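Peer 1: Before we start, here is the structure in question, set down as structure tokens.
The values are calculated or read from the model by the stated rules, or taken from the named source; none is laboratory data. Owing to the predicted nature of the structure, the values given are computational and were not obtained by experimental measurement. Here the Cβ positions follow ideal geometry from the backbone for every residue, glycine too, while neighbour counts run over all protein chains shown. Calculation scope for accessible area: heavy atoms of the full protein, side chains included, ligands and nucleic acids excluded. Shrake-Rupley method; radii C 1.70, N 1.55, O 1.52, S 1.80 Å.
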Amino acid sequence: MNEIKNSSDIIIFGAYGDLSFRKLIPALYHLFNDDYLDAGCKIISVSRQKISQEDHIKLTKEKLIEFIEPELFSEDAFEKFKKLLHAVYVDFADNDTYKDLKKLLDKSTNEDRISYLSTSPSFFGDICKSLNHWGLIKPTSRVVLEKPIGRDLESAREINNQVLSYFNENQIYRIDHYLGKNTVQNILALRFANRIMMPLWDSTNIDHIQITVAESVGVEGRWGYYDQFGAMRDMIQNHLMQLLCLIAMEPPCSLDANSIRDEKVKVLRSLRPITRENVALSTVRAQYDKGSINGQPVPGYLEGEGVSQSTTETFAALKVDIDNWRWNGVPFYIRSGKRMQKRNSEIVVQFKNVPHSIFQNNGEPVSSNRLVITLQPEESITLSLINKVPDLSKNMRLEEVDLELMTPCTLKRKNEAYERLLLDVIRSNPTLFMRLDEVESAWKWVDTILEAWEDNLVPMKKYTAGTNGPSASIQLVAKDGRDWHEE
């Protein structure tokens, strides 16, 4: 049995969208079955679609069967879970349509209310205003904001200020699902619980660090959304910058949420600005052209609906410098793109060579140590070491071997990121969520790059779908005498 079960009313706005059915409802289903949620909870699906309670339960069941592993669904479990489910029609921008939501919540005895805004950010202000109008915001209420929160610093501030008019900062949970991954959280344990790692984690020992988030899929019919944002806004400004912060941050004084977030903000404020003068040397942007994935032909980005003249990047690569004592002289190379060779998210910590090698190794250079933290498709942490080849040759030959961290797991199944994040919201633990100053610091740094791109100071490149990006990305690293890590 887990800790005392949590009893909260969870209100999902935009509940009939892909995110809700694919991630949120399955996460809540698993949390309930694992005894983290009390039977007195209400899971309220709020949408602009009018539907009966019977049809809502039927549809929810169909989606659960579609999106979770077959062995994890059971009729008996769903019969209990469905008692938590409620559907309410609301036109997000029409204050009067919130009456039915108020009636349902007034019947609840739960003090905790969590509003998950899985809608366009343009509705965030209207929803919060109406929740406040109908008296549905209590001191214990929380609101979860799904990305993207704005397109730049100015729009992000506008959206956040709208929400802050009705919720305090400590009630706001800005979600980044990457931070819910177990291996991402394990970065803290790896860095700050292992004496062997702590003295190595600086410019004295580390040559450079790479962060890659590659997707083999394209936009998949989401051109209308994606073309407004692109790789920089959709991935780098949030996901990759958060990973960079966890890798580069100083040790926090505790695991308290603000202690960790304070250190992340320090990293963001230490980023060396990429200006109009050096943007062409430090960044690459590109769009995928037609090619093939897994042997199947795929169209180019500009062949999508309504984007034939688009200047939105589907790939971005940056060389990032952090101006502080720990990381002086250590470049961080980050990249993200769609329609790449394979789906892969990883952090590579490349250590420096030994000062002087005593090994001839048949004239071959001795590899340097490397730590690879893989987030997807399968989570793992691997340390590459140099070992003697077990043979009888006259001269000692060396080879690279991998030590893989295998975390013992006592759980019945692998937990998904949204389970951890939703449970943390329910527990009122904001550690894995972005604070306002984090969001603004990241946008402030990224905005100067985006403005330079809009002025075409960095020409748009092309890359064939099914490859690892444009040749300019290879050159970005190669001119420093380095290579992207590729399996």
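Peer 1: Tally the residues that are surrounded by fewer than 21 Cβ atoms within 10 Å (Cβ to Cβ) and charged (D, E, K, R), restricting the search to segment 216-252.
Peer 2: Number of matching residues: 4.
Peer 1: Sticking with this structure for a sec: Would you please name the residue that is surrounded by the fewest Cβ atoms within 10 Å (Cβ to Cβ), looking only at residues in segment 303-348 that are more than 22 Å from Ile449 (Cβ to Cβ) and of a type in the set (A, V, I, L, M, F, W, C)?
Peer 2: Trp325
Peer 1: Looking at segment 371-398, which of its residues are open to solvent by less than 40 Å² (accessible area, probe 1.4 Å) and modelled with pLDDT of 85 or more?
Peer 2: The initial filter retains those residues of segment 371-398 that are open to solvent by less than 40 Å² (accessible area, probe 1.4 Å), namely 371-376, 380-382, 384, 389, 398.
Selection gives Leu371, Val372, Ile373, Thr374, Leu375, Gln376, Ser380, Ile381, Thr382, Ser384.
Peer 1: Right, Ala442: within 30 Å of Asn182 (Cβ to Cβ) and either in contact with a helix residue (DSSP H, G or I) (Cβ under 7 Å, 6 or more places away or on another chain) or open to solvent by 30 Å² or more (accessible area, probe 1.4 Å) (or both) or not? Write out each step before concluding.
Peer 2: Details: within 30 Å of Asn182 (Cβ to Cβ): yes; either in contact with a helix residue (DSSP H, G or I) (Cβ under 7 Å, 6 or more places away or on another chain) or open to solvent by 30 Å² or more (accessible area, probe 1.4 Å) (or both): yes.
So Ala442 fits the description; yes.
Peer 1: Looking at (1) assigned to a loop (DSSP other than H, G, I, E, B); (2) within 16 Å of the chain's Cα centre (by Cα), can you tell me which one Ile187 breaks?
Peer 2: Exception for Ile187: condition (1).
Peer 1: Evaluate segment 58-70: report whether one residue or more is part of a helix (DSSP H, G or I) and open to solvent by less than 10 Å² (accessible area, probe 1.4 Å).
Peer 2: Here is the first cut: in segment 58-70, the residues part of a helix (DSSP H, G or I) are 58-67, 70.
If we keep only those that are open to solvent by less than 10 Å² (accessible area, probe 1.4 Å) as well, we get 60, 64.
So far as segment 58-70 goes, yes, one or more of its residues are part of a helix (DSSP H, G or I) and open to solvent by less than 10 Å² (accessible area, probe 1.4 Å).
Peer 1: While we're on this one: Which is among the charged types (D, E, K, R), over 26 Å from Phe21 (Cβ atoms) and surrounded by fewer than 22 Cβ atoms within 10 Å (Cβ to Cβ), of Lys138, Lys103? It would help to see each step written out before you state the result.
Peer 2: Numbers: Lys103 fails: over 26 Å from Phe21 (Cβ atoms).
The match here is Lys138.
Peer 1: Do we have Asn168 as over 18 Å from the mean Cα position of the chain (by Cα), of a type in the set (S, T, N, Q) and more than 27 Å from Met249 (Cα to Cα) here?
Peer 2: no
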